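So the structure is just underneath, and the comments pick up after that.
The values are calculated or read from the model by the stated rules, or taken from the named source; none is laboratory data. Computed from a predicted model, the values in this text were never measured in an experiment. Here the Cβ is made from the backbone with ideal geometry for all residues, glycine too, and neighbour counts use every protein chain on show.
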Amino acid sequence: MAAPRGPDRLPLLPTTVVGSYSVPDWLGRLKTEYYQRRISARHLDEIHEVAIKAALKDQEVAGVDMVSDGELRRDNDIDYLLARMPGVRIADRAKADYYDYYEAWVDGPLPEPGPGLDLGLAADLAFTMDNTDHPVKFSFTGPFSLSRRLRAPAGTDPAELVRSVARVLNAQARQLARAGAGVLQIDEPFLAGHPDQVGLAVEAVNIVTAGVPASWALHVCYGNRHARPLWEGHYDFLFPAVLGARVDQLVLEFARKGLEDLRLLRGYDWDRAVGVGVIDVKTDQVEPAGLVADRIRRALDVVPAERLFVNPDCGLRHVPPAAARAKLRAMAQGAAQVRRELGRPGRTAPATPDPPSPPVEAGTSR
């Protein structure tokens, strides 16, 4: 078993990412070439390795404390996992565009995971850990959201389908823990569109995390398909059900929506860590480090510094590479500024100036 790289190596107010990283145009084109059968899987894998190494370097240079592989091997948030699950059928694996969703269906709940089941996630984590000395976060889409993209015959119990997907993910999480995962994150991007199902989603999250020795995070956003929210609203629907989730951290979006929903953490006495979104991923505009620092200070009115993580609202997949790098640098600089104010400087963030972009007014969200 590899030695885990987790939160014990992080400074106060650690900076991290949610998961996905900017997909440059050339990488998107080459992914589509693969799905149109113009390049081989081996060729695409080599391309992915180059892209992941570059993404890790971007995060390190920006001053991010806990990095990810950018999910750059994945075509989208769903298909990379569903296409590898026994019991899931996909008639046509060609795509006009790599980011399209497959049409996938099942005959009922997925079969129980056997000892040989391998979705390839542990190998992905091992590659990432071999190419950085930073703590690593590894994220994957949760069972509720995955089930939303599965068609099933009439009479199939949708709740049992979600649970069966969760059992497969639990088996994979155990492999990830053996491979050295320190921080694992479950992403539920579709949950905001089904607020009446939050109880089932939390039940499934607990199936995924059961018996897995890692620090667990749960990310819930309002969607990030093509850099647009799929739903709007507030996080009221999560509470109080999410209090029963066996996770160590909630990762929520605040930069675009504003910080009003921090009230829920106080009102429901959330006593675990919180990943506070301070970077808006639905605009290319780069936040000044001072605005990031202000958002962190306001979050500290509710969440103690020892339990506050600093991250973008969601994945950076749709943010152009230059803007993504600048946004992460501003995030790291803003966190470093607040650490200094608290007398806990930690690692110094790169002191490069903010890029010349139109300023965002303090206190606004977009």
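Residues of region 282-300 being outside any helix (DSSP H, G or I) and in contact (Cβ under 8 Å) with a residue 60 or more places away in the chain, which ones? Break it down stepwise before answering.
Quick first cut of region 282-300, residues outside any helix (DSSP H, G or I) only: 282-288.
Within region 282-300, K282, T283, Q285, V286, E287, P288 meet the criteria.
Among residues of region 104-126 that are among the acidic types (D, E), those with a beta-carbon under 9 Å from a residue that is assigned to a strand (DSSP E or B) at least six positions away or on a different chain give the pairs D107/R89; D124/F138. With respect to the conditions (1) at pLDDT 95 or above; (2) touching a Gly at 6+ places or on another chain (Cβ under 7 Å); (3) within 30 Å of M129 (Cβ to Cβ), A241 falls short on a single one, namely (3).
Kindly evaluate I186 against the criterion of being under 21 Å from N311 (Cβ atoms) and among the hydrophobic types (A, V, I, L, M, F, W, C). So I186 passes the test.
Would you be able to say whether some residue in region 197-217 is loosely packed, with under 14 Cβ neighbours inside 10 Å, part of a helix (DSSP H, G or I) and either of a type in the set (D, E) or at pLDDT 95 or above (or both)? Yes, because at least one residue in region 197-217 is loosely packed, with under 14 Cβ neighbours inside 10 Å, part of a helix (DSSP H, G or I) and either of a type in the set (D, E) or at pLDDT 95 or above (or both). When residues in region 331-347 are screened for being without any contact (Cβ under 8 Å) to a residue 60 or more places away in the chain and either in contact with a Cys (Cβ under 7 Å, 6 or more places away or on another chain) or within 25 Å of P189 (Cα to Cα) (or both), 0 of them pass.
Matching residues to (1) within 29 Å of D130 (Cβ to Cβ); (2) within 17 Å of the chain's Cα centre (by Cα); (3) touching a residue at least 60 places away in the same chain (Cβ under 8 Å):
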{"residue": "A173", "(1), (2), (3)": "yes, yes, no"}
{"residue": "Q185", "(1), (2), (3)": "yes, yes, yes"}
{"residue": "P189", "(1), (2), (3)": "yes, yes, yes"}
{"residue": "A204", "(1), (2), (3)": "no, no, yes"}
{"residue": "I207", "(1), (2), (3)": "no, no, yes"}
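Out of everything in region 297-329 that is of a type in the set (V, I, T) and under 14 Å from L12 (Cα atoms), what residue ends up being surrounded by the fewest Cβ atoms within 10 Å (Cβ to Cβ)? Give the derivation first.
Filtering region 297-329 for residues of a type in the set (V, I, T) gives 302-303, 310, 319.
So of that shortlist, the ones also under 14 Å from L12 (Cα atoms) come out as 303, 310.
Numbers: V303: 20, V310: 26.
That would be V303.
Of note, R37 does not satisfy the criterion of being of a type outside the set (S, T, N, Q), surrounded by fewer than 15 Cβ atoms within 10 Å (Cβ to Cβ), more than 20 Å from the chain's Cα centre (by Cα) and under 29 Å from T283 (Cβ atoms). Taking first residues from region 55-83 that are closer than 30 Å to E103 by Cα and of a type in the set (G, A, S) and partners that are at pLDDT below 95 and buried (at least 24 other Cβ atoms within 10 Å of the Cβ), the Cβ contacts under 6 Å between residues at least 6 apart in sequence or on separate chains come to S68/G19.
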